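Pasting a structure below so you can have a look.
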Amino acid sequence: MTDVVRSIEAHVGPVMLVIMRIGGLAVFGPILSGSMIPGRVRVMLVVLAGFGAYGLLSSNGLAPTAVSMEPLSLLPLAAGEVAIGALIGFIAAIPLLALRSGGLICGQQMGLGFARFYNPTAGEETDVIEQLFYFLGLAGFILIGGLEAMFIAVLHSFEYINAGIFLTDNGVTDIMLGLLLSSLEIGLRVALPLLGVIFLETVAMGFVSKTVPQLNVLSLGFPLRIMVGLGVVIAGLAVIDQVAMDYLGSALDTLHDWATVPRGEGG
């Protein structure tokens, strides 16, 4: 009986570290970090996925080794595991944040900044266009297997990041800066067509106000701007979808490469 208890105790610490790394996805990861999933359900999913991942890692010889169960020793290790999982989740969420930024710019230029609704996935209020772009990106993220890619990246990370060891190389910084810069570019690419049309509409209304002073430009301009903006968004949905899917695919490929390339062989 004593040997069985010792054997179980030897697995408790490593299982906890695997669960903590997977649980880090619930900090920033798409869908998992959303308030639409109850906390108890989220914890249950993380624990079940952690036990399954530990069995898979053990069969491949990648499971963490036995660790000390003393709180002062286990707490820093657990914090490092959560940080690694949160980093992977944040990298996966960057394309969705880019689409939200583009939608926010479009909504403000269309005059919909005051029409804000609660977004359960973001846990805050967003306007209509911002929600539209975000949910389009979220649907694409699910369709191309973004959730599976996040979990696979976490599992592959055990190949070169041992439990309790956080990354200290420059690869993470380069990847984060590259994705953040490209997300800014994607947000602007999504919003620029509408910004250009709104700019032309504003200039045209300025000429109308000068040539026809009797016309109430304010009462006419806002509905016209919304109609023109919605027309541009509807006409450009196919292009927006293509841009978003390409960026989601490239971001997930970057995440996969980062999680599967050992240190010293690539970024």
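Can you tell me the mean projection area, over all orientations, of the convex hull of the range 198-258's alpha carbons? Units nm², please.
Dividing the Cα hull surface by four gives the mean projection, 5.5 nm².
Where in the range 218-260 does the amide nitrogen come within less than 19 Å of the point 7 Å from the Cα of Gln108, taken along Cα to Cβ?
222, 225-226, 229-230, 233, by backbone N distance to the label point.
According to a simple spin-label model (label point 7 Å from Cα along Cα-to-Cβ), what is the distance in nm between Val212 and His256?
5.6 nm
Looking at the range 84-151, which chymotrypsin sites (Phe, Trp or Tyr not before Pro) are in a loop (DSSP not H, G, I, E or B) and have at most 12 other Cβ atoms within 10 Å?
When the chymotrypsin sites (Phe, Trp or Tyr not before Pro) of the range 84-151 are filtered for loop state and at most 12 Cβ neighbours within 10 Å, Phe114 remain.
Coordinate-derived values only; no laboratory data. Nothing here was measured: the structure is a model prediction, and the numbers come from that model. Note that we place each Cβ from the backbone using ideal geometry, even for glycine, and neighbour counts take in every protein chain shown.
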